[in-house]
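Only the coordinates and a few stated rules stand behind these numbers; no lab work does. As the structure is a prediction and not an experimental result, all values here were calculated from the model. We place every Cβ from the backbone using ideal geometry, glycine too, and count neighbours over all the protein chains shown.
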Amino acid sequence: MATKETEHRPRSAANYLIAPIPAPLGAEAERQSLTSAFDEISKKEVKGGDLNRHLYEFRPLSQTEVETIRSLLTAWANSIPHHQLESFGDKIEILSGTYSPSFMARLATMYESRSVSRESQPYQGGHVPIVKTNEANIRLWAYPLPVPDDIARAKDAFLISDSQSVRECQPCNASGLVACGTCSGKGTLQCAACRSSGHVPCGICYGVGVVSVPKTTQRHENVTEYRTVIKLDHNRAPYEAREPYNAVRVRDDVVTLRETCTNCGGNGAVACGNCRGNGSVTCINCGGGGNEKCGSCDGKGKHLDFLVLVDSFRPAELTSFRHNPEIPMEVTDELKADSDFRRIASMRGKTIDPDYCENLQNLSVKSLLKSALADGLADAMPGEKICIQSLQILRADVVIIRYRFDGRDYDVLYPFTGLREVVKVWAVPRNGC
């Protein structure tokens, strides 16, 4: 038998509602559409009227609504076969029904901070106003900057027009030119091909100064050759025969001789083709002039200095909850993590006045909103101001039904919303039964 601690733990409604039924009803029992009646209750509350009409704390269900719930339970039980509890809704005693919503406040705040920095760019000419603003007298919050549309935007920068001044460029002495950084102002560079020597190894003799030249000579030698002759045999019949004879043959002999290279004249080196023997080449960066455009002033010779107001933004979101203390913590924790909340009111402005809450009749919600707005102010870092706030008030509707069956009392909690098709149901036995 379950202990008292176990009995008071919220469970699926099927575990209690079908406890007297011998055969299990299955998970489909929790999908019965009790939301249809409850949605009508909720819609009546959220249609029109001021916010107070949506912020009630507790409201007992009417007898008509209680009977609707009874008939739904009967229809539910009758739709499930193989049990002894037809007309289950008529066999229970509904002791009470209470409409007890939970509330959520979601406060989105964009915090704004401002700083100033001095920047510079090449002076392009044109009129420059008289300097009136500098780092010492600038009033950061006196400038009406636009409120950003995107609450996640990080920062913007704005030019302070009356902080502009023109000064001569020091690196180039206002000439717009500086010594070429590639050739150090010389206009030429060392030839990389000959390493500034003006000569490179001869491509014919490879720097040796001599080349190998093949020579052909002829020599004569006596050799024995054979030739075919016609002879007569003893019958005076002719026949062919080979006979030797002495001959002289001419043979070619090839020898290699070392001769002076005609390309370099025996020096082994020739003038460099890259620098034409000069040992240096014209600098391609400055064209030989030795100067290049000043990178600091872009060749203008002057700078335009000015102040920039940097407007930075930091978004943050705070979420707070208020629940009926009678609802078990396991249920409220699931409500926080679930999408049972629906928005019933929202407002947006530069700052939301805490006095907005003063006219609220629901003291719990009034405390919730005041706490959220106070936390929003306290979350500001040093130097930050609130730029814009957005407050949403959301409600999760919960119905608590207390009924008695077979001598045992139960609480059944139905959180629901018109946007959901499946109703989550928790059941808690009462009186330690």
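Data for the structure
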{"item": "Rg(Cα)/(2.2 N^0.38 Å) for the stretch 243-335, N = residue count", "result": "3.77"}
{"item": "Per-pair calculated FRET efficiency, R0 = 51 Å: E326 and D156 via Cβ, rounded to 0.05", "result": "0.55"}
{"item": "Kirkwood Rh in Å, taken over all unlike Cα pairs in the stretch 198-299", "result": "21.3"}
{"item": "Mean projected area (nm²) of the alpha-carbon convex hull when the stretch 310-363 is viewed from all directions", "result": "6.1"}
{"item": "Part-to-part distance (alpha-carbon centres) for the stretch 294-351 and the stretch 235-293, which is given in Å", "result": "83"}
{"item": "Pairwise FRET efficiency - D355 versus K302, Cβ, R0 = 41 Å, nearest 0.05", "result": "0.15"}
{"item": "Relative contact order computed over the stretch 283-419 (Cα-Cα under 8 Å; 6+ residues apart), in percent", "result": "24"}
{"item": "Cα gyration tensor, the stretch 48-124 - rounded (a/c under 1.5), prolate or oblate", "result": "prolate"}
{"item": "Those GluC sites (Glu not before Pro) in the stretch 104-144 that DSSP places in a loop and that have at most 14 other beta carbons within 10 Å", "result": "E135"}
{"item": "Segment N267-S71, length gained on full extension (0.36 nm per residue, minus Cα span)", "result": "58.6 nm"}
{"item": "Rg [Å, one decimal], Dmax [Å, integer] - the stretch 63-180, C-alpha atoms", "result": "37.2, 105"}
{"item": "Pairwise Cα inverse-distance average, inverted: Kirkwood Rh of the stretch 237-293 (Å)", "result": "19.4"}
{"item": "Stokes-Einstein D in µm²/s, Kirkwood radius over Cα pairs - the stretch 283-376 at 10 °C with 1.306 mPa s viscosity", "result": "80"}
{"item": "Alpha-carbon radius of gyration plus Dmax, which is the widest Cα pair, for the stretch 129-213 in Å", "result": "30.8, 94"}
{"item": "Rounded to whole Hz, the Karplus (6.51, -1.76, 1.60) HN-Hα couplings of the stretch 199-205, x for glycine and proline", "result": "10, 10, x, 5, x, 8, 9"}
{"item": "Kirkwood Rh and Cα Rg combined as Rg over Rh, evaluated for the stretch 82-143", "result": "1.69"}
{"item": "Cα-Cα P(r), the stretch 272-312, percent of pairs per 5 Å interval", "result": "5, 16, 12, 13, 11, 9, 9, 8, 6, 4, 4, 3, 1"}
